[in-house]
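Working notes, beginning with the structure itself.
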């Protein structure tokens, strides 16, 4: 079963807060802002840094959060993937 961003946020609400911050942030250089400000925070909340947790520690959860948050920040030209 494929998970979605909403399910992940229910397990880690700080990811939802990060999403809304990114949504309201309109940086001149989205890619640099992503790598310097958002990705480090996200990486502490989901993925391998979470250790062995049933959902939050998976690469699938990391990928979903990565593309969802980076998309709203404008990394992909404002297109949400």
Go ahead and estimate [θ] at 222 nm for the chain from helices alone: -39,500 (n - 2.57) per DSSP H run with n ≥ 4, summed, over the residue count, rounded to 500.
-> -15000 deg cm²/dmol
Let me have the relative contact order for the chain, percent, based on Cα pairs under 8 Å that are six or more residues apart.
-> 34
Scan [x] 7.6; [y] 4.9; [z] 9.6 for the value of mean projected area of the Cα convex hull in nm² calculated from this model and give just the label.
-> [y]
Using per-residue counts of other Cβ atoms within 10 Å, averaged over each peptide, order 35-41, 60-66, 24-30 from highest down.
-> 60-66, 35-41, 24-30
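Laboratory data are not the source of any read-out in this text; all were calculated from the coordinates shown. Since we're looking at a predicted model, the values are computed, not measured. With ideal geometry, Cβ positions are generated from the backbone for all residues, glycine too; neighbour counts draw on all protein chains shown.
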